[in-house]
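Every number in this text was worked out from the coordinates using simple rules, so none of it is lab data. These numbers were taken from a predicted model, which means no experiment stands behind them. Here the Cβ is made from the backbone with ideal geometry for all residues, glycine too, and neighbour counts use every protein chain on show.
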Amino acid sequence: MTGDVRMDHAAHPPTDDEEIQDWNGDCDEPMEVAAPLPAASEDSNRGIESRLESLQLETKATHVKDKVGVVPKEVEDLNDHEEDRKRHLNVVFIGHVDAGKSTTGGQILFLSGQVDDRTIQKYEKEAKDKSRESWYMAYIMDTSEEERVKGKTVEVGRAHFETENTRFTILDAPGHKSYVPNMISGASQADVGVLVISARKGEFETGYEKGGQTREHVQLAKTLGVSKLVVVVNKMDEPTVQWSRDRFDEIESKMTPFLKSSGYNVKKDVQFLPISGLAGINMKTRVDKSICSWWNGPCLFEVLDSVEVPLRDPKGPVRMPIIDKYKDMGTVVMGKIESGTIHEGDSLLVMPNKANVKVLSVQCDENKVKQAGPGENVRVKLAGVEEDDILAGFVLSSVGN
Ligand code: GTP
Ligand code: MG
């Protein structure tokens, strides 16, 4: 297990929210205000298109903050142990507001030994003082005062943990509809999605119906290249659920046709499992039969450790779809490397306009690196192309291929 926890947040003020009106930007620096999002449309495709258009606006306003200030070892070592590194996966937690994404993410960090009991006790007290007793686990991921007071994630929280075969970066997306642009930026960095569904009476229904975030998040995730979904049916411990098999089956059977229609192959790409994020049950170890007699499947850590994502070849041709660009003493493009390795000094091609460019520098998260491989989210500074000549969706490619 890694001993370092790091939480970065891409910050954005709320847009069309009525509930969260008293945004007062607790942070020291002024923030650019993202333009209001188009209203959610009945026509889901149009809704998604407009959300994706808003990505352009959103990424410009991105601020990445180091909440803890620790540079994770794996990032420092990025260039040193290329061969013996475990595989790395980005996992985004998505789903309707209050489904338990931050609680589950926080519990993962606790179970993987990164948060000690004393810190948990401190959070319990703080949550109690804020009359949000049950939110203490979420405080591990929700680090700003604003998020803690409201009990809602605003910025994408980022943390790291490891299982036997895999190093994970967890991206904890906000569920509230006002922060969909932040959710998009989280999902666009991920290979695997953990879709958190609340099994609590009435909560699954609210999240799933029109206007709920469950459907929109699934469709966005699929569009943004999240190839595998782990659907965790959460809050199984809750008094209205009590590890009911009928409730689990009901949710699975209602979700399955929708996941199919969103483009997921439910046999190969989707796995359902019951958990309690708050109690940490069926997460690191399988649920005890005395709690849930009918579940014979794996626990969350096992599922994540064995999830197979499309092979990415570090020696293959460079392919990096550009999600955004900006000017910063050169032209900087942002995206996730899908194949190949980008090195400082490389000559590459921007497609489809066939612009020959040279890589001036590569940045992974906030760290400058000499090279970055498949699956990494990077900012690449280029010479030889004007920012205006690049559009989101263009692809940075090898010259010869
Ligand atoms: P947003 O960030 O606002 O989208 O919410 P979220 O999905 O991150 O939910 P969060 O983790 O903040 O939890 C919301 C509420 O659900 C809190 O009161 C949690 O204690 C509660 N909760 C989360 N997981 C569980 C669970 O497994 N069981 C029970 N009983 N409550 C849970
Ligand atoms: Mg949250």
* To do: Go ahead and run the numbers for FRET between residue 326 and residue 351, Cβ-Cβ distance against an R0 of 22 Å, rounding to 0.05.
  => 0.65
* Could you pull out the pairs from 86/336; 86/152; 325/354; 125/150; 222/354 whose alpha carbons sit more than 21 Å apart here? => 86/152; 222/354
* Would you mind checking segment 358-383 for residues with the amide N under 14 Å from a putative spin-label position 7 Å along Cα→C-beta of residue 399? => 358-360, 383
* Sparse-neighbour loop sites [trypsin sites (Lys or Arg not before Pro); segment 263-355; at most 12 other C-beta within 10 Å; DSSP] -> 267, 268, 289, 315, 354
* segment 187-307: C-alpha gyration tensor shape, a/c 1.5 cut-off, then a/b vs b/c -> oblate
* How far is it, in nm, from the label point at residue 258 to the one at residue 240 when both lie 7 Å from their Cα along the line to the Cβ? -> 1.6
* Asked: Per 5 Å bin, what percent of the C-alpha pairs of segment 145-225 does each bin hold, from zero upward?
  -> 3, 14, 22, 24, 20, 13, 5, 1
* Pairwise label distance in nanometres, residue 132 with residue 120, each label 7 Å out on the Cα-Cβ vector -> 2.0
* To do: Would you work out the relative contact order for segment 288-351, in percent, from Cα pairs under 8 angstrom that are 6 or more residues apart?
  => 28
* To do: Please figure out what share of the DSSP beta bridges in segment 138-243 is antiparallel and state it in percent, rounded to the nearest 5.
  => 45
* Structure fact -> Contact order relative to length for segment 325-364, counting C-alpha pairs under 8 Å separated by 6 or more residues, stands in percent at 29
* At what distance in angstrom do the alpha carbon centres of segment 218-273 and segment 370-401 lie from each other? -> 35
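What is the extension gain from residue 279 to residue 86, computed as 0.36 nm multiplied by their sequence separation minus the C-alpha to C-alpha distance, in nm to one decimal?
Gain on extension, residue 279 to residue 86, equals 66.6 nm.
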* To do: Mind pulling up the Rg/Rh value for segment 271-401? Radius of gyration and Kirkwood radius, both on Cα.
  => 1.22
